[in-house]
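Let me give you the structure first, and then I'll get to my questions.
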Amino acid sequence: VQLQASGGGLVQAGGSLRLSCAASGRTFGIYGMGWFRQAPGKEREFVAGITSVTVYADSVKGRFTISRDNAKNTVYLHMSTLRPEDTAVYYCAARPGVGVPYDSWGQGTLVTVSS
């Protein structure tokens, strides 16, 4: 599976942005998809995931929404009420089954939130 993330950019605090991640290749093998982020000097952290349900990190609940368009093999991350602490490189990922780690990763897209 190949993942191509896009949609990052510079936005002011309080603003919104939508990230996209298009999957190609053996997409029939995808069970779940997710978004992670890595801020400068910090470890990569989970942001949101989607299978038949959605899950979110506490830090983004109520502000971010993950969605999936199976016809387009694309997952989205709608981000609103952005904060400077949301600044990070955002990565999309895919996993092939229940309880299986994410094993396909996109290249990352930079989101910068200015105060």
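The values are calculated or read from the model by the stated rules, or taken from the named source; none is laboratory data. Quick caveat, the model's predicted, so the values are computed rather than measured. Virtual Cβ from ideal backbone geometry, glycine too; neighbours counted across all protein chains shown. Accessible surface is based on the protein model in full, side chains and every heavy atom, while ligands, DNA and RNA are left aside. Shrake-Rupley method; radii C 1.70, N 1.55, O 1.52, S 1.80 Å.
Taking N as the number of residues in the range 56-115, what is its alpha-carbon radius of gyration divided by 2.2 N^0.38 Å?
Against the compact-globule rule of thumb, the ratio is 1.25.
I would also like to ask the following. Distance in nm between label sites at ALA13 and SER59, each 7 Å beyond Cα in the beta-carbon direction?
Calculated label separation equals 1.6 nm.
When the dipole is taken about the Cα centre of the chain, and only Lys, Arg (+1) and Asp, Glu (-1) are charged at their Cβ, what size is it in debye, to the nearest 20?
Result for the chain is approximately 160 debye, rounded to the nearest 20.
Could you please put PHE46, PHE28, PHE64, PHE36 in sequence from largest to smallest accessible area, using a 1.4 Å probe?
Per-residue accessible area, sorted high to low, gives PHE28, PHE46, PHE36, PHE64.
Could you work out the equivalent-ellipsoid semi-axes for the range 1-83, taking the square root of 5 times each eigenvalue of the Cα gyration tensor, largest first, in whole Å?
22, 14, 13
Can you pull out the trypsin sites (Lys or Arg not before Pro) in the range 24-115 whose DSSP state is coil and whose Cβ has at most 12 other Cβ atoms within 10 Å?
Taking the range 24-115 and a limit of 12 other Cβ atoms within 10 Å, the loop trypsin sites (Lys or Arg not before Pro) found are ARG26, LYS42, LYS61, LYS72.
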